[in-house]
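Just below is one structure, and these are the notes that go with it.
The values are calculated or read from the model by the stated rules, or taken from the named source; none is laboratory data. None of these values were measured; they are calculated from a predicted model. Cβ atoms come from the backbone with ideal geometry, glycine included; neighbour counts cover every protein chain shown.
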Number of protein chains: 2
Amino acid sequence: MTKPEIIQNLINAYAEAYQNLGYSSLMGKIVALLIASPEPMSLDEISGELQMSKGPVSQIARKLKEHRLIEKVWIPGERKDYYRAVEDIFGQAFANYASSMRRNQRLGEEFEQLSKAVPAQDEQTRHLATRMNEMKLFYEMMDESNRAFLQNWRDNVKPGLEELQDEPAGKQS
Amino acid sequence: MTKPEIIQNLINAYAEAYQNLGYSSLMGKIVALLIASPEPMSLDEISGELQMSKGPVSQIARKLKEHRLIEKVWIPGERKDYYRAVEDIFGQAFANYASSMRRNQRLGEEFEQLSKAVPAQDEQTRHLATRMNEMKLFYEMMDESNRAFLQNWRDNVKPGLEELQDEPAGKQS
DNA sequence: AACAATATTTGAAAATTTTCAAACGAATAA
DNA sequence: TTATTCGTTTGAAAATTTTCAAATATTGTT
């Protein structure tokens, strides 16, 4: 398999994966492209490579930047914006997911309280309170597990990987 | 807040949460309804409660059953199908997610190999191999963490919760 | 300040997903 | 066997999301 074919396959695989996770497939394509690129890429290069007009690419790039999966880099003497994948993109994607899961914890809390506050307690309100308590507990424990995993990755594993390769250059915007 | 209002809010919250996770919002509504119901519900009851025709409800219920989030129960003397949320629905939802994450691990493996197999090794192929190796390692470790968490939940925590309440009745189909 | 290059926004078109109503099929009861 | 009661499938309508092309805004250069 040739290099361009591999990259195209990676782009397709990420597009599908992001789609399955409920994001737009364009998000996955941009992420794949930037993961695969040793150098930062401009908006024009990205939309050119993906055969897509600049409008959607600009919008999705902003979202990815908000989610801290990609970042702008300043290239001296250049007027264009350049993007690259952030240093710990897998860890950051995980952190985003973990954060969205904390909403479930809060939902459990909220609805446990609400169902206990109903004046006329019956079988259903008690049942709901029990379930919601279980939900709260589950996502609490899950969050603890998630935090421990991410900290271990960032403190112990990722730094070891980084030693083996060059650090990226360029100042951020 | 009255009981019907609480349940409606729960349905809306789950609809939004499922939507954000990339599933149909109807999926979330059905799950919420069955989590809130102490008794199994028939297709008609579900679609009636959600004010939705039976077609989509039937299709989505099948998907939820495939994902082992809900199950059919047999009610003696009744012709209708009855559904309820499975015993450990939060754990099962997590298991489904963990399983989908294992695909990322395989992607990392696959593309690391592919990029190493390119005859003309250059900066980009080496860069890609490094990134894909990192990806593989990250999702490997994540999977270990996920398995440990789920096992702890199922072996140590969930059984303790179950002792406090009645076990469900009815045989499965 | 005026111009040139680039990025973002916008409204409409295209594509996709969701939903419904009705037809169909399967299973049970009479 | 026939009728009845559900569940599922299907094709089209409705709603939503994605994408584009063009207009607008922003930034840097002269």
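Out of curiosity, is A:PHE111 surrounded by 21 or more Cβ atoms within 10 Å (Cβ to Cβ), more than 16 Å from DNA strand C (Cβ to nearest atom), over 21 Å from the mean Cα position of the chain (by Cα) and within 14 Å of chain B (Cβ to nearest Cβ)? Lay out the reasoning, then the answer.
On the way: surrounded by 21 or more Cβ atoms within 10 Å (Cβ to Cβ): yes; more than 16 Å from DNA strand C (Cβ to nearest atom): yes; over 21 Å from the mean Cα position of the chain (by Cα): yes; within 14 Å of chain B (Cβ to nearest Cβ): yes.
So A:PHE111 fits the description; yes.
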Of the conditions (1) outside any helix (DSSP H, G or I); (2) in contact with a Gly (Cβ under 9 Å, 6 or more places away or on another chain); (3) surrounded by 15 or more Cβ atoms within 10 Å (Cβ to Cβ), the single one that A:LYS72 does not satisfy is (2)
Quick check on my filter: what residues within segment B:132-161 are among the basic types (Lys, Arg) and closer than 24 Å to A:GLN165 by Cβ? B:LYS136
Test: residue in segment B:122-133 that is within 15 Å of DNA strand D (Cβ to nearest atom) and either surrounded by 21 or more Cβ atoms within 10 Å (Cβ to Cβ) or in the same structural domain as B:LYS158 (by TED's automatic domain parsing) (or both): no
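Of all residues in segment B:53-77, how many are within 14 Å of DNA strand C (Cβ to nearest atom), more than 14 Å from chain A (Cβ to nearest Cβ) and in contact (Cβ under 8 Å) with a residue 12 or more places away in the chain? Spell out how you get there, then give the answer.
Within segment B:53-77, the first condition is being within 14 Å of DNA strand C (Cβ to nearest atom), and the residues that meet it are B:53-64, B:72, B:74-77.
The next check asks that each one be more than 14 Å from chain A (Cβ to nearest Cβ); those that pass are B:53-62, B:64, B:72, B:74-77.
Imposing the further condition that a residue be in contact (Cβ under 8 Å) with a residue 12 or more places away in the chain reduces the set to B:56-58, B:60-61, B:64, B:72, B:74-75.
Residues in segment B:53-77 being within 14 Å of DNA strand C (Cβ to nearest atom), more than 14 Å from chain A (Cβ to nearest Cβ) and in contact (Cβ under 8 Å) with a residue 12 or more places away in the chain: 9 in total.
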Residue by residue through segment A:58-69, note down the ones that are outside any helix (DSSP H, G or I) and under 22 Å from B:THR130 (Cβ atoms). A:ARG68, A:LEU69
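I need the full set of residues from segment A:33-43 which are more than 8 Å from DNA strand C (Cβ to nearest atom) and either outside any helix (DSSP H, G or I) or outside the structural domain of A:GLY77 (by TED's automatic domain parsing) (or both), in order please. Don't jump to the end; show me each part of the working.
Step one: list which residues in segment A:33-43 are more than 8 Å from DNA strand C (Cβ to nearest atom), which gives A:33-41.
Across segment A:33-43, the qualifying residues are A:SER37, A:PRO38, A:GLU39, A:PRO40, A:MET41.
For every residue, the table says whether it meets (1) part of a loop (DSSP other than H, G, I, E, B); (2) closer than 27 Å to B:LYS116 by Cα.
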{"position": "A:ILE30", "(1), (2)": "no, yes"}
{"position": "A:GLU45", "(1), (2)": "no, yes"}
{"position": "A:MET52", "(1), (2)": "yes, no"}
{"position": "A:PRO56", "(1), (2)": "no, no"}
Filter segment A:1-45 for residues that are of a type in the set (Gly, Ala, Ser) and farther than 12 Å from A:ALA85 by Cβ; which is farthest from DNA strand D (Cβ to nearest atom)? A:ALA13
Has segment B:82-103 got any residue that is facing chain A (nearest Cβ under 10 Å), of a type in the set (D, E, K, R) and in a helix (DSSP H, G or I)? yes
Just to verify a result, which residue in segment A:49-90, among those that are within 14 Å of DNA strand D (Cβ to nearest atom) and among the β-branched types (Val, Ile, Thr), is nearest to the chain's Cα centre (by Cα)? A:ILE60
Restricting segment A:127-151 to residues that are closer than 29 Å to B:LYS3 by Cβ and among the polar types (S, T, N, Q), which is farthest from the other protein chains (Cβ to nearest Cβ)? A:ASN133
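Answer yes or no as to whether B:LYS158 is under 20 Å from the mean Cα position of the chain (by Cα) and either modelled with pLDDT under 95 or more than 8 Å from chain A (Cβ to nearest Cβ) (or both).
Details: under 20 Å from the mean Cα position of the chain (by Cα): yes; either modelled with pLDDT under 95 or more than 8 Å from chain A (Cβ to nearest Cβ) (or both): yes.
Criteria met by B:LYS158.
Given the criteria within 16 Å of DNA strand D (Cβ to nearest atom), free of Cβ contacts under 8 Å to residues at least 40 places away in the same chain and hydroxyl-bearing (Ser, Thr, Tyr), does A:SER99 qualify? Even if it seems obvious, please write down each step before you answer.
Values: within 16 Å of DNA strand D (Cβ to nearest atom): no; free of Cβ contacts under 8 Å to residues at least 40 places away in the same chain: yes; hydroxyl-bearing (Ser, Thr, Tyr): yes.
No.
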